[in-house]
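Just so it is clear, none of the values below were taken in a lab; they were calculated from the coordinates. Every value quoted in this text rests on a predicted model; they were computed, and no experiment measured them. Heads up, the Cβs are rebuilt from the backbone with ideal geometry, glycines too, and the neighbour counts pull from every protein chain shown.
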Amino acid sequence: MKYDVIVVGGGTAGCAAAYMLGKFGKKVLIIEKQSYLGGSMTAALVTPMMKTSDNSINNEFKDDFIKNMKKYNAAITYSDGNSGWFNPEIAKIVLDEMMKAANVHVYFNTLIKSVNIVNKNIVSIGIDNICQNNKMLSLSIETKYIVDATGNCDVGVLSNCEFINTENELQPTTLRFLMSGVDLRAFSDWLKEFDKDRNVTTVADIDNQLHLSTAYTWDNDKNWALKPLFDKGVEDGIIEDEDRNYFQIFTVPGMNTTIAFNCPRVYFDRLINPLDLSDYSQAVQKGRASILRISNFCKKYFRGFESAYISNIADVLGIRVSRRIRGKYVYTIENLKSGKKFKNPVLISNYPVDVHSDKKDKSILDKSIVEYQLPVEALMANDIDNLFVVGRCISADFYAQAALRIIPSCFSMGVGVAKFLNNRI
Ligand SMILES: Cc1cc2nc3c(=O)[nH]c(=O)nc-3n(C[C@H](O)[C@H](O)[C@H](O)COP(=O)(O)OP(=O)(O)OC[C@H]3O[C@@H](n4cnc5c(N)ncnc54)[C@H](O)[C@@H]3O)c2cc1C
């Protein structure tokens, strides 16, 4: 069995890379830990995509994904022009269909176990299928190139690659969830009244469905409209102080009574290390307890939520940052802020530096950023010649990664690598 490219991790960036390579006629295999594609978009319930620059490049995967999602009423273009509002459940189906159309092979419930390196090249990988009733099915598969799209850079670890020193460079994790049974009309009418100046609330009728978003944070400099309710929630013992660190909600296309929550942020008396098994497991449990409190809070204080219920809790913790590989180029915040131009950019974006914090008033959303480029060399492992890295674990410093990690940029990275490899295979 020999592939042109094996993509390890069929998530946000991995799907984009595999799909484009398949479209280019390459023989491609995805190795995916879950039993569905999409990664953070589906398993961590991260929706919608953030809006990015009008000058963005390598948009082919995003455009095809949205076009296919729209066939099932599973994506909308929001009133601010953001075309990236999507339904995470239908995304699983659409990504299956897209990989099939691009002739990409997919192995689900599969983990990469080993790499065989010859002359600084990975020539084959070993995999374990984790759904064989404890009888592990182990296979060895040959490849010309390998794309590490695991988010945590697992292929880089197996290949003994060097990483950027990431000590204390963490952000809070978030366990996202959905509530259904919401009377969206009643909620939006109430919300429009409650947040009269609409500083963080938007409501729009799109494709015959009501869509909205709103937010609240405990930061003192942001006196957002929902504050009195969160204060009361804490006072009444419905939520704990930490539960209101950050609260953000969106409607979901095609889910007429559902709200998606970009919260709770999860941390202990310190930020958790998402690569530490004990930290990770305790964080999931802590997140679920917080979800229960937040859902009770919404039912008690938000009109339209009276009959609402938790309908989905993310399968995995949302991780903003973990390991980052040392690439042929290490992209820095100075590169990003100066808008440095490169010969082979894989993405162009203007999304701000977005650092979430566990501390009051310490989160950063630096909107002074104008437009920046990321070079393909930041996606090339320094230590292994045929290893490319896409997604949140690329070769970038902490603050640059905090701008680069959004879904449309991960898509562009995948497409950019696919185009680069297309000329070489
Ligand atoms: C809480 C949170 C909220 C966010 N909000 C937004 C937002 O609103 N809009 C936006 O645009 N971006 C947002 N982001 C950023 C964005 O969602 C992520 O940075 C991006 O999706 C990461 O993509 P990725 O390809 O690096 O990883 P993922 O999409 O997570 O993909 C990694 C894939 O690899 C698989 N995998 C991992 N290890 C292995 C292994 N060893 N073997 C096989 N498979 C493996 C995983 O199962 C997964 O499918 C948010 C992120 C978080 C955490």
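In the chain, Cα pairs under 8 Å separated by at least six residues give a relative contact order of 23 percent.
Against the longest principal axis of the chain, how steep is helix 60-71, in degrees 0 to 90 to the nearest 10, with axes from Cα atoms? Helix 60-71 and the main axis of the chain meet at about 50 degrees.
Scoring 398-406, 158-166, 310-318 by mean Cβ neighbours within 10 Å over their residues and listing the highest first yields 398-406, 310-318, 158-166. Among 190, 85, a tally of other beta-carbon atoms within 10 Å of each Cβ gives an order, fewest to most, of 190, 85.
Mean separation of Cα pairs under 8 Å and 6 or more residues apart, divided by the residue count, gives the range 173-313 a relative contact order of 38 percent. Angle between the Cα long axis of helix 277-301 and the longest principal axis of the chain, 0 to 90 degrees, nearest 10? Around 30 degrees separate the two axes.
When each of the peptides 12-19, 121-128 is scored by how many other beta carbons lie within 10 Å of its residues on average, the order from highest to lowest is 12-19, 121-128. Projected over every direction and averaged, the convex hull enclosing the alpha-carbon atoms of the range 322-419 yields 6.2 nm². In the chain, the longest principal axis of the Cα atoms and the axis of helix 12-23 are about 50 degrees apart. Relative protection proxy for 236-245, 20-29, 215-224, from highest mean packing down: 20-29, 236-245, 215-224 (other beta-carbon atoms within 10 angstrom).
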